[in-house]
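J.: Once you've had a glance at the structure underneath, I'll fire off some questions.
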Amino acid sequence: MTSASDRPDDGIGERLRELDAPDAPPTDDRMDRMFADMKAECDKSDRTVTGFLRSRSTMARRLIVLTVFAALAVIGWFVFPLVGDEARTAPWTASLVTFCILLVLAMFMVTRPVHLPALPSWLSMCLACVAIGATVLAAFWPHPAAQAATQDHTGGAMAGACMGVGLLLGVPVYALLRLVDRGNAMGSLVAAAAAGLAGNFVLKAHCSVPGTSHELLGHASVALVFVVGLGLVHRVTQKPS
Amino acid sequence: MATRPPSSGPTDEQLMDAYIDGDDAAFRALFERYAPILLRLTRRHLRDDELAEEIVQQTFFRLHGARNDFRRGSKLRPWVMTIAMNLVREHWRRTKRRKMTSLEVDTRAAPEADFMPLELRQRSELLHVALEKLPTSQREVVELHWFQERPYAEVAKIVGTSEGAVRVRAHRAYATLKQLLVSEIRGDE
């Protein structure tokens, strides 16, 4: 309990006590109704996959997400051809590592337990901005220009294809993170940033089309579309309080 | 309402443990213990009975979802308070602004209006409005420290900052409240 010396005395203490004057106690009927509604909601949630996943412990939820991420990454890495040896430069590796770190960070934010104080919303916005910034920055570390000159590609069409693939790959990541999110504020934005990063990771690892313009239009745009698009959708569909 | 001594029945933590083990009656008992406290807390913040009820239900819904994170030996009260405060904060973030911004007396919004004498109601209203003028971070501290009578260390845990920062916020909040209500306290009205 708070010690008396901690609390304000004189006038303000008295006024606070007045404000704390007991109001009408909730009636039994009201409590019964509130409990019944809430319990029904809990039972309904328990019967769904979402409810099942969300009620796992935080450790279990994180393990589930990491396992799915790792499985997808390993399958993709070995099933689809990586970029050529000449393109596997230090910036390429640095980009992939950065995307991975940001992805894990996003996963930790989304799966944060609800009994801990919520993270400030600026942190989520910060992560979304850093995610977009990282994908843009990665576009300025393209394959060597000499290789680009030897490639015959139609930049626009290829950028469109990459963007489509990136968006497609990001959807399951977004869905998975939403499934394990117990209702963190801005969880949707963070999941969208993670989806954009996942799409970019795959594109960076496998896309052999070189050029900054291609990467900006086809790769970095994926993160932007996810963050801005899903951000808008979330805002529009958010239940008014 | 703190963790109950064994002589007056099971403690909150024992009830929570029982609930995790599948005892629905324990969940009901926890609801009966905490719902009235949370209702008062949320009503003071939101000044809307319906919304307060919704937040209390959401708090228990989230507690239910997070039950597998509860570790034996942990205290339940900070858990419940943190979940509720997070929900209130989220509500403010969504609505962006407080409904009342002036020091006008508006007794219609006071949920306890019917149960107080007129003078007390008006003074209570003034204080409500003054509380609403505080930044959310300070208001949360006043709520938990004064109204919920939680020690600074626990308040710090609930709002996610250091004890020193909580003490500073409380000091500033009480000073601001005093300043806002100085004429009323002196009886200059």
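J.: Summarise the partner chain shielding of A:109-122 as one whole number: the mean count of Cβ atoms from other chains within 10 Å of each residue's Cβ. The partial results should precede the final answer.
T.: Working: counts 0, 0, 0, 0, 7, 11, 15, 10, 11, 10, 2, 3, 3, 0.
Partner-chain Cβ atoms within 10 Å, mean over residues of A:109-122: 5.
J.: Sticking with this structure for a sec: Obtain the nm distance between the two label points defined at residue B:24 and residue A:122 by a simple spin-label model: each point lies 7 Å from its Cα along the Cα-to-C-beta direction.
T.: 4.6
J.: Turning to a different aspect of this structure: What do you get for trypsin sites (Lys or Arg not before Pro) in the stretch A:38-100 restricted to DSSP loop and a cutoff of at most 10 other Cβ within 10 Å of the site's Cβ?
T.: Details: sites: A:39, A:44, A:47, A:54, A:56, A:61, A:62, A:88; in loops: A:47, A:56, A:88.
Passing sites in the stretch A:38-100 are A:47.
J.: For a Förster distance of 60 Å, can you work out the FRET efficiency between the beta-carbons of residue A:213 and residue A:41, rounded to the nearest 0.05?
T.: Values: r = 50 Å, r/R0 = 0.84.
Once the sixth-power term is evaluated, E becomes 0.75.
J.: Give me the inter-chain shielding for A:31-41: mean count of other chain Cβ atoms within 10 Å, whole number please. Show your work: numbers first, answer last.
T.: Numbers: counts 6, 1, 1, 8, 7, 0, 4, 13, 8, 0, 5.
Mean shielding count: 5.
J.: Once you put a point 7 Å from the Cα of residue A:64 and another 7 Å from the Cα of residue A:86, both along the Cβ direction, what distance in nm separates them?
T.: With each label point 7 Å from Cα toward Cβ, the separation is 4.6 nm.
J.: For the ranges B:175-182, B:150-157, B:9-16, B:60-67, what's the packing order if you count other beta-carbon atoms within 10 Å of each residue, average per peptide, and put the highest first?
T.: Details: B:175-182: 16.8, B:150-157: 19.8, B:9-16: 18.2, B:60-67: 21.4.
For the peptides B:175-182, B:150-157, B:9-16, B:60-67, the packing ranking is B:60-67, B:150-157, B:9-16, B:175-182.
J.: Tally Lys/Arg at +1 and Asp/Glu at -1 over every other residue whose Cβ is under 11 Å from the Cβ of residue A:190; what's the total?
T.: Numbers: positive: A:112, A:178; negative: A:181.
Charge balance near residue A:190 sits at +1.
J.: Shifting gears a bit: Give the average, rounded to an integer, of partner chain Cβ atoms located within 10 angstrom of each Cβ in B:79-89.
T.: Numbers: counts 4, 1, 1, 6, 7, 0, 2, 9, 5, 0, 5.
Per-residue shielding by partner chains comes out at 4.
Every read-out reported here was derived from the displayed coordinates using simple, explicitly stated rules and does not represent laboratory data. Computed from a prediction, not measured in an experiment: that's the story for all the values here. Positions of Cβ are backbone-derived with ideal geometry, glycine not excepted, and every protein chain shown enters the neighbour counts.
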